[in-house]
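Written out below as structure tokens is the structure these notes cover.
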Amino acid sequence: MMESFKIIADPKKCTGCRICQFICSSLYHHEFNPSKSYIIILDEYELSPTIQFSDKCNHCGQCARNCLYGALKLEGEGIS
Amino acid sequence: MKYFGYTGNVVSIDLTNAQINLSKEKLEDLQNFIGGFGMNCKLFADLYSPNINPLSPENPIIFGTGPLVGTLAPGASRTVAISKFPATNAIANSCGSMSFGFHLKQAGYDHIIIHGKSDEPCYLFIHDDHIELCDASNIWGKDIIKTTDILKRKHDSSGVIAIGQAGENLIKSSLTLIDKTSTLGRGGLGALMGFKKLKAIIVKGTKGISIADPKRFNKIFLKFKERVKRYPQRDSWIELGMLRSLPIGMLLSAKGEKSKARQANEKNYLKNMKKRRIACPSCPMADKDILEITKPDNSHLICYTSSVINPLMMFGLKGLDSYTQVIELFNKINSYGLDALTINSLCELLNQMVSNNEIDQNEFNIEWNEDFKTYNKLLELIKQREGLGDIIAEGWEKLASLNNKIQNKMTTVKGLDIIFEPRLLKLGTMEFEQVVNPKGAHVASGGSPTYVGAGGSIEKMLTHFDRMGIPKLAHKRLLTPPKEEMIINVGRMTRYSEDWYTMLTCLGLCARAQMNRFYSHELITELFNSITGFDLSKEDLRKAAERSWNLSKILNVKEGFSRKDDKFPEEWFNSLKYGKNKLKLKDFYGTTEISKELANQLLEDYYDERGWDINKGIPSHSKIQELGLGEFL
Ligand code: SF4
Ligand code: SF4
Ligand code: SF4
């Protein structure tokens, strides 16, 4: 059984570091490839980035656990 | 053959005939000459012919990244560019950050080699296997910010290196910006691209990077992450960025500039300048700044910079009274693709000479006043190469030929102006490095305890020696200065600081103090091996860095550089007026005044520690043999 979380994104805190994307793509595609990550960071280093999740995201929460800037937070715990 | 970490691919583009070639790197080379710094040197040396004009089709530009770039390795974001630079005629690697290296690796390439020269303005677009030279006529003449915005809008998420008007007009001190933010190529990379009519390179990639040993890597990463999270000063680093390491307000205060000091302090930065903190890909210690200011006419200005300290450093200029003027001026310099450090030194020198009546204003063709308006006017003249601007565009030597008093006052080494003033900051490795760096006055290779804030104690110094992998046998020599009270021998220590910086740059890791402090020789070797699958020892890695440094030196020896060019600027031996104080050139601990004799001794100690010929200041035959560089002689 995999734990599943709601992830709250706060783009204001996001620095565009892509650590979340490296983590997600390495977990599910065994390579560092942000273009295959299920969390999508749209950031061309302008005033604010956009954070989205693709349908394939299973809410495992690993991206949020590795975000070091507080831009992704896990809320509550569900069972899937 | 499977490559890990590295992509193994080099793409060459000949702009003269629009030919594109792909080649593979040899696995053996990738261990002997590593990544952005090392393979750049090797690829350049393979193509090299001596004494060509930097601004000629025969002078290639090579962009490279390291094996760790494009992965989760923390702070692995470097892009390195090598060429023969027009400001100095030296062959050198230049280094920048942001997302270009990341995108290049993701697109499947370690290096790009640019040959030849295009007849018409063009830009290079790379998207995975798609490589295209595109028409740049609609962006030629535009500044870097607009150029980058247009290209990113057209091609979507990507890494962009672009030049501004300064590069197009072949200004010798022009540089490029990566993603509008990080400078790359001090000393004329802008002009090199401008000469080739190459307005920009834009790259995006979706291929991904596989690494050799994910399990081992994950272990290293988890540990690293915990250390970063536990670092008590992390929050303040993220909040203040580089302002934390160089409190400009305090420096201005010491100069007696109270109002400027207040404006440059942390409080005003947070309230009236800072808009957003951004990070290079994979960096947990973000320090890049997007600033937003409200100008006196109530309009807003957005300014992108590697760090807020870059514009604030210009506050030292007389006649700039408010932080909004400083940021506006800096933003213009940046957008045109000029070098803020060079412009700053230039304005300071002209201010000083005019106020001492040492120069005739008629020689300038502009009325020189110490004010915002004059500085702005100067930028326009340089950008358009008019009058004084045209002379400045040709570099410091040309300016010196106007008036021999200028020559004596210039603080330049090999034609490049210094970045760190040792009379103010004392002679640490960063300051000393400016004298010996093959590129000219450059500091990047000075990462060391005198940079990362070891404080004064020998115990702390020794911890850093171990962290940087300085061989135990060398410790005693590093602690044996020409005069006992100096405590450290900065000449000898600079050699190992260069090794350390070179290792980081080879791999693609950031050398800034707040990242640097987390790395050790052991850790970066582990990262390299787990990512590439190679099995290098720590010593192999250090040797590879030393080999690359020596190779770049050998190329410069062929250009005629030697000990005569590693010259402490004359002006350093005079005192520097700073507020009410007169500052002298002193050693790192401030105990001893550095005379010319002592300076020479430190130089000789540096060459000796490098295993070089002390009289000539160049790699000795035995060093060249030891490093297996005979074929490049
Ligand atoms: S890890 Fe956090 S800060 Fe970094 S890109 Fe992802 S959401 Fe943004
Ligand atoms: S929650 Fe898991 S699957 Fe979803 S984006 Fe984050 S790491 Fe990927
Ligand atoms: S510390 Fe700054 S320059 Fe270095 S990787 Fe992080 S954001 Fe980039």
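The values are calculated or read from the model by the stated rules, or taken from the named source; none is laboratory data. All of these numbers come straight from a predicted model, not from anything done at the bench. Cβ atoms come from the backbone with ideal geometry, glycine included; neighbour counts cover every protein chain shown. With ligands, DNA and RNA removed, areas are computed over all heavy atoms of the protein, side chains included. Shrake-Rupley method; radii C 1.70, N 1.55, O 1.52, S 1.80 Å.
For this structure, a couple of remarks:
- Taken residue by residue and averaged, Cβ atoms of other chains lying within 10 Å of the Cβ of A:12-24 number 6.
- Cysteines (scope chain A) whose Cβ has no counterpart Cys Cβ under 4.7 Å: A:14, A:17, A:24, A:57, A:60, A:67
- The amide H of residue B:585, built 1.01 Å from its N in the peptide plane, has B:594 as neighbours under 5 Å, considering only residues 5 or more places off or on other chains.
- Listed cross-link partners A:36/B:229; B:405/B:584; B:199/B:414; A:12/B:223; B:439/B:616 are compared with a 25 Å cut-off, the Cα-Cα value being larger for A:36/B:229; B:199/B:414; A:12/B:223.
- Rounded to the nearest 20, the Cβ-based charge dipole of segment B:337-410 about its Cα centre (Lys and Arg +1, Asp and Glu -1) stands at 100 debye.
- Förster-model FRET efficiency, 22 Å R0, residue B:576 and residue B:463, C-beta, rounded to 0.05: 0.10
- Compactness of segment B:231-331, taken as the C-alpha radius of gyration over 2.2 N^0.38 Å, stands at 1.05.
- Candidate aspartates and glutamates for bridging to residue B:318, where Cα separation is under 18 Å - those fewer than 8 sequence places away on the same chain excluded: B:257, B:328, B:348, B:358, B:367, B:370, B:371, B:421
- Separation between Cα centres of segment B:496-530 and segment B:154-227, rounded to whole Å: 19
- Calculated P(r) tail over 22 Å for segment B:383-539, as whole % of Cα pairs: 51
- Buried solvent-accessible surface, both chains (A, B), 1.4 Å probe, Å² to nearest 100: 2500
- Mean separation of Cα contacts under 8 Å, 6 or more apart, over the residue count of chain A: relative contact order %: 47
- Bins of 10 Å from zero: percent of alpha-carbon pairs in segment B:56-105: 26, 43, 24, 6
- Taking a straight Cα-Cα cut-off under 18 Å and skipping sequence neighbours fewer than 8 places away in the same chain, the lysines within cross-link reach of residue B:543 are B:42, B:472, B:553, B:623.
- Viscosity 1.306 mPa s, temperature 10 °C, Stokes-Einstein D of segment A:7-74 from Kirkwood C-alpha radius, µm²/s: 136
- Hydrodynamic radius (Kirkwood) for the protein assembly as shown, which is based on Cα pairs only, to one decimal in Å: 25.8
- Inter-site label distance for residue B:235 and residue B:633 at 7 Å from Cα along Cβ, in nm: 6.0
- Peptide A:43-55 has a mean of 4 when you count, residue by residue, the C-beta atoms of other protein chains within 10 Å of its C-beta.
- Rounded to the nearest whole Hz, the Karplus-based 3J(HN,Hα) values (6.51 cos²θ - 1.76 cosθ + 1.60, θ = phi - 60°) of segment B:299-305 follow the sequence 7, 9, 10, 9, 10, 9, 8, with x at glycine and proline.
- Taking 29 Å as the limit for the C-alpha separation, the pairs B:180/B:426; B:258/B:373; B:142/B:558; B:84/B:582; B:180/B:577 exceed it in the case of B:180/B:426; B:142/B:558; B:84/B:582; B:180/B:577.
- For chain A, the longest principal axis of the Cα atoms and the long axis of helix A:19-29 meet at an angle of about 40 degrees.
- Chain B, helix-only ellipticity at 222 nm - DSSP H runs n ≥ 4, -39,500 (n - 2.57), divided by all residues, nearest 500: -12000 deg cm²/dmol
- Annotation: for a label point projected 7 angstrom from Cα along Cα→Cβ of residue B:318, residues of segment B:365-409 with backbone N closer than 13 Å are B:368-372.
- Solvent-accessible heavy-atom area per residue, rounded to whole Å², over the protein assembly as shown at 1.4 Å: 37
- Dipole magnitude for segment B:231-331: about 160 debye, using +1 per Lys or Arg Cβ and -1 per Asp or Glu Cβ, origin at the Cα centre.
- Computed from phi, the 3J(HN,Hα) profile of segment B:133-145 under the Karplus parametrisation 6.51, -1.76, 1.60 (θ = phi - 60°) reads 8, 10, 5, 10, 4, 7, 10, 4, x, 8, 6, 5, 5 Hz, with x in place of Gly and Pro.
- Gain on full stretching of the segment that runs from residue B:218 to residue B:27 - 0.36 nm per residue minus C-alpha separation: 66.3 nm
- Convex hull volume per residue, computed on the Cα atoms of segment B:19-106, equals 118 Å³.
- Surface accessible to a 1.4 Å probe, residue B:443 within the full protein complex, Å²: 20
- In terms of its Cα atoms, segment B:337-410 spans 28, 24, 22 Å along the principal axes, sorted from long to short.
- Comparing the full protein assembly with the isolated chain (1.4 Å probe, heavy atoms, ligands and nucleic acids excluded), the residues of segment B:72-108 losing at least 30 square angstrom of accessible area are B:72, B:102.
- Rounded percent of accessible protein surface that carbon and sulfur make up, chain B, 1.4 Å probe: 48
- The trypsin sites (Lys or Arg not before Pro) of chain A meeting both criteria, a DSSP state outside H, G, I, E and B (loop) and at most 11 other C-beta atoms within 10 angstrom of the site's C-beta, are A:56.
- Each residue of segment B:21-30 was assigned a 3J(HN,Hα) from its phi angle through the Karplus curve 6.51 cos²θ - 1.76 cosθ + 1.60 (θ = phi - 60°); the sequence is 10, 10, 9, 9, 7, 7, 4, 5, 4, 5 Hz, with glycine and proline shown as x.
- Inter-chain Cβ neighbour average for residues B:207-217, partner chain, 10 Å: 3
- Each residue was assigned an accessible area with a 1.4 Å probe, and for residue B:326 the value is about 0 Å².
- Separation of the residue B:49 and residue B:120 label points, Cα + 7 Å toward Cβ, nm: 2.9
- Positive-pole candidate from B:438, B:224, B:576, dipole of the protein assembly as shown, charges at beta carbon: B:224
- Diffusion coefficient (Stokes-Einstein, Kirkwood radius over C-alpha pairs, 25 °C, 0.890 mPa s) for chain B: 100 µm²/s, rounded to a whole number.
- Sites excluded, trypsin sites (Lys or Arg not before Pro) in DSSP loops with at most 10 other C-beta within 10 Å, longest stretch of chain B: B:3-579
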